[in-house]
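Student: Below is one structure. I have some questions about it.
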Amino acid sequence: MWMETKREVEEASRSRGSFSRRVLNALLSCTGDMKHLDECMQDKSFVLQLAVWALRGVARVILANNPLSGTLILAALYWASPWQGLLGTLGVLVSTLTAVIMGQDSAEVSGGLHGFNGVLVSLLMGVFSSAGDWYWWLLLPVCFGSATCIFLFSGLSSVLDRWDLPVAVFPFNIVIFLYLLCTSQDNPYFPHHPAMPPGALEPNGTTLNAIEVIRGIPLGVGQIFACGALGPSLLILGAVLLYSPLLAAHAVLGSAIGTLAGLSMAVRHGSLYSGLSGFNGALGCMAVGGLFFTFSWRTHLFAIASAFLSAYADIALCNLLGTVELPACSWAATLVVTLMLLQTSSLAAYRIPIGQVMAPEHNLRSRSQWAAGNTAERESTDV
Amino acid sequence: MWMETKREVEEASRSRGSFSRRVLNALLSCTGDMKHLDECMQDKSFVLQLAVWALRGVARVILANNPLSGTLILAALYWASPWQGLLGTLGVLVSTLTAVIMGQDSAEVSGGLHGFNGVLVSLLMGVFSSAGDWYWWLLLPVCFGSATCIFLFSGLSSVLDRWDLPVAVFPFNIVIFLYLLCTSQDNPYFPHHPAMPPGALEPNGTTLNAIEVIRGIPLGVGQIFACGALGPSLLILGAVLLYSPLLAAHAVLGSAIGTLAGLSMAVRHGSLYSGLSGFNGALGCMAVGGLFFTFSWRTHLFAIASAFLSAYADIALCNLLGTVELPACSWAATLVVTLMLLQTSSLAAYRIPIGQVMAPEHNLRSRSQWAAGNTAERESTDV
Amino acid sequence: MWMETKREVEEASRSRGSFSRRVLNALLSCTGDMKHLDECMQDKSFVLQLAVWALRGVARVILANNPLSGTLILAALYWASPWQGLLGTLGVLVSTLTAVIMGQDSAEVSGGLHGFNGVLVSLLMGVFSSAGDWYWWLLLPVCFGSATCIFLFSGLSSVLDRWDLPVAVFPFNIVIFLYLLCTSQDNPYFPHHPAMPPGALEPNGTTLNAIEVIRGIPLGVGQIFACGALGPSLLILGAVLLYSPLLAAHAVLGSAIGTLAGLSMAVRHGSLYSGLSGFNGALGCMAVGGLFFTFSWRTHLFAIASAFLSAYADIALCNLLGTVELPACSWAATLVVTLMLLQTSSLAAYRIPIGQVMAPEHNLRSRSQWAAGNTAERESTDV
């Protein structure tokens, strides 16, 4: 059913007129990329448009491109911590507005591409701040950091475009590093917690709690938004499910693989319980399994490999960056996914050009349509 | 008056023949890029030519391309410390000669592009050496380091040319890192001082001295040459003023912004007083405000943004590199300016192709002439 | 005699039929790249083909491309330590098989390009493991690490191809870093020795032993395979001599230069005695002096410069990475050789396109043939 186009569903519901069809129709129109919404929004007020762009931006963090998913995620963030929710909202608005003011490409802005780095920077600044919630001075670096993301996004895209690579969360990772390095642990204005390397050994005597470890798997999905509570994490997973069930399945699979990798390297138990071991695996698995590559059994295997690589790279980077009290953020997943997108082997045949990336189910359906044109286009971008 | 072409001035002075005009004429011909000097020099001896190339190289450090500015700056260096002046002279000569021997592009050599990294490497080696002045063994690494800059310049230009980016001071930053890492603090042959991170807190009880902070602003311009004395710093600022008043204004503005950024992050007072907080801001501000972009109110705002970014990035890098006892040198400004040159947004419209970069006043004047041809050329370099 | 083509030798031996000629003929056919072997192997079984690919892969570590050299080197590794020999064999087989399964370019696979990173990763994992020999669990990371090299090779080649650069040992250097960072010193499953920075001062009282230092020069060639015994090191040098006497000469020269650089920076005596100071110099010297550039007196001078740069960069990186207990591996030589290949000056005229790199003697001979076509081709790859 999922594979049918919306038009077919519409036609079917019109001809038969059953109530259940109409409900399904309405439900289906809320899944995937919701491109039809963009057309409706064109004559609406700027504030309404900005809200949709911002919600897309929030969802983009977890590789979804759907304003309803964004709404659910934002609700989850406010549920977990109203202060964090506020910071996230401010971050996405500031970075999207900066992009509008700086005259970035309007298609990119309306697709939420200039929002997700701002959200992440704001959320992480909030999480690492040791000044407690509602420390209003924090809004200053949040605004400055979110705006800086646009500069980095624009500059990096010039470089990465040469290889048809997405900018992804490189700007977030760079900005949060600069912020944490600028403000040391005992900074008088913006103090922050140090990051603890996951390789640090536990005091002996503690045994691994299996239930806690399994609980860490859905938490790994929530940790993509630096959210460590179970309820909001499940809501975030639901938001991904709304966008694409395939992506949600890969998120859980990737988080489980990340946890497995953490176990094999004997990381701190806290790292497993909190889901911090899983979130890079989840991102690595989602990006390869369906989003940037057409789903098939081969890409599914590559997605598993990507999840393992992301998870191990994350442990390595955490241990390395822990020596200078920095967190590894999502560097590992970002670098591994970039590496996967650069592959020249059999994986390249499944690669979807960045400009045509949509929900995995849509990719799968339209695969046959663009496959023919793929080689020709690749050559033209390669010149 | 500044905006008139030299030919107009010449004609005017010829027709009216007033003495003041002739003085102004002579004065004006010493400002800007002094391209007319290159024509006069073509039939002169190699030693004289080398001197001009070297002086251009000295001025290039602070983004000026004028042999008279270079002379003034060299005088300032000798004034601050004869030993440092000697090292700088040796550095620029060795690196320029290496470029000649290695058969680098003659236009680049005569433009001083192969000199400025050598000057900086030599000066910084002298500043960090803890063996005191007139330690003659230091001339060995100075020569070797200056020559290495040419290899790095040539190699990096192959990569950066793809995006029409300048090599800037990347070679200097890399070579000085390698030197400081090779020779640890207690090296028996080449001992050096460790770099102190600016985030280190002062012992409490000290209050900030406002006059010292303001004094740090012109010192920030001098710190581009690792010079911490007020007189020579003002002479260096004068040398920039001779090349281009717009550039000099941006240097002071950028240094002030850097000091402001330092205050907002509560860096060590010594860092503010010595001008070390300001020099990255000054470089970031100068490069964007007039040199690589045509001056306008928009680019002026971007120059301010660039100065802030450079200054904060410098604090971050100082704190990071301080953990391994390395100085941040001018990495921050170099990276931020590179980022600014990569922007695809409205800023790109003001971008001057690297091959056509001249004094800001000249850029401003000839803007209309090449603006038409800009798009066509960009496409050809982009292929 | 070396300069004559094999065909001439064959003809000569046929016409005169002397026994000594026939022996020389057979001997000469075992030197160089042994391209004629590939033709013989095409109809052989897969296992035999895989063996040749793997042996080429082993030899590729030291820039030779000859299965007989590979056999000699493998014998040297088993001689030095059977466990290390086993790890190396497993590493090259796993990475070559992964490349076959992933559908990498068959010409690359049969040239051994997908084997050498696997060998190095396996050998270094064995050397750094503190669990002792015959610790079978180590085979797990060896297999996983060797397979990961293929992903990195494929991804990096997409990027580096733009500048016609070889991927070289970048994948090895990255994978071994990730492994060592993942598993800290006191990891319960995969413990490993920490790397010691060479800048650490010796307790005073020890005098440098000249014979040990000279003994360190051939050991430097062995250290390319992490082999610290004199006999196997000389056998490895013999294997290079079989492939190309010019390359072997540069290996010894480079190792001597590396030792000299180590002396000038007063590194730990152990570093000089074990050959660790020399191996980056050897690699840097070999790559520039004959392999990637046609041999001449100019390239010979550049090879010496490259050896010095590699050796000093290695000391710098060892000191830097020693602060986080990581070894510098062959980062220095890899980066310096990449830099040399990017040169635009007179050195570029001697550059051999990556696709046409063969044994130095062969390069020297065919120089005149492709020199004419070089400019045209360069332009086409530059577009």
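The values are calculated or read from the model by the stated rules, or taken from the named source; none is laboratory data. The structure displayed is predicted, hence computed values, not measured ones. We work out accessible area using only protein heavy atoms, side chains counted, and drop any ligands, DNA or RNA first. Shrake-Rupley method; radii C 1.70, N 1.55, O 1.52, S 1.80 Å.
Student: Give me, ordered by chain and number, the residues 5 or more places off residue C:293 or on other chains with an amide H under 5 Å from its own placed amide H.
Tutor: Those qualifying (amide H under 5 Å, at least 5 residues apart or on another chain) are C:352.
Student: More than 14 angstrom separation, counting every C-alpha pair in the stretch A:238-318; what % is that? Present the calculation step by step, with values, prior to reporting the outcome.
Tutor: Numbers: 1810 of 3240 pairs.
For the stretch A:238-318, the fraction of Cα-Cα distances above 14 Å is 56 percent.
Student: I need the per residue convex hull volume for chain B, using only the alpha carbons, in cubic angstrom as a whole number. Before the final figure, lay out the partial values.
Tutor: Details: hull volume 58.3 nm³, N = 383.
Taking only Cα atoms, chain B has a hull volume of 152 Å³ per residue.
Student: Return the single residue from C:330, C:264, C:274 with maximal mean-square fluctuation; model: Gaussian network over chain C, springs between Cα atoms under 10 Å.
Tutor: C:264
Student: Shifting gears a bit: Given the options C:167, C:92, C:288, which has the most mean-square fluctuation in a GNM of chain C, springs set between C-alpha atoms less than 10 angstrom apart?
Tutor: C:167
Student: For the protein assembly as shown, what % of the accessible area comes from carbon and sulfur atoms, probe 1.4 Å?
Tutor: Details: 29920 of 44710 Å².
C and S fraction of accessible area: 67 percent.
Student: Grab the protein assembly as shown and count how many Lys pairs have their alpha-carbon atoms under 21 Å apart, sequence gap of 8 or more, or different chains. Before the final figure, lay out each step's value.
Tutor: Numbers: A:6/A:35; A:35/A:44; B:6/B:35; B:35/B:44; C:6/C:35; C:35/C:44.
The result is 6.
Student: Mean projection of the alpha-carbon convex hull of the stretch B:123-240 over all orientations, in nm²? Please report the intermediate quantities before stating the final value.
Tutor: Values: hull surface 41.9 nm².
Average of the hull's projected areas for the stretch B:123-240 equals 10.5 nm².
Student: A further question on this structure: In whole angstrom, note down how far apart the Cα centers of the stretch C:244-292 and the stretch A:247-274 are.
Tutor: What the calculation gives is 44 Å, centre to centre.
Student: Picking from B:99, B:131, B:261, which is most flexible by a Gaussian network model of chain B using Cα springs under 10 Å?
Tutor: Fluctuation is largest for B:131.
Student: Hey, another quick one. Given q = 0.12, 0.15, 0.18 Å⁻¹, what are the Debye log10 I(q)/I(0) values for the stretch A:174-299, with equal point scatterers placed on the Cα positions and solvent ignored?
Tutor: Result of the Debye calculation: -0.53, -0.78, -0.99.
Student: For the protein assembly as shown, report the convex hull volume of the alpha-carbon atoms normalised per residue, in Å³, without decimals.
Tutor: Working: hull volume 240.1 nm³, N = 1149.
It comes to 209 Å³ per residue, whole-number rounded.
Student: Translational diffusion coefficient, Stokes-Einstein: compute it for the stretch B:59-157 using the Kirkwood radius over C-alpha pairs as Rh, at 4 °C and 1.567 mPa s, and state it as an integer in µm² s⁻¹.
Tutor: Numbers: Rh = 13.5 Å.
The diffusion coefficient I find is 96 µm²/s.
Student: Given the C-alpha centroids of the stretch A:79-122 and the stretch B:121-169, what is the distance between them in whole angstrom?
Tutor: 41
Student: List, in order, the whole-Hz ³J(HN,Hα) value for each residue of the stretch A:55-71 obtained from phi through the Karplus relation with A = 6.51, B = -1.76, C = 1.60 and θ = phi - 60°; use x for Gly and Pro.
Tutor: 5, 4, x, 4, 5, 4, 3, 9, 6, 8, 10, 8, x, 5, 4, x, 4
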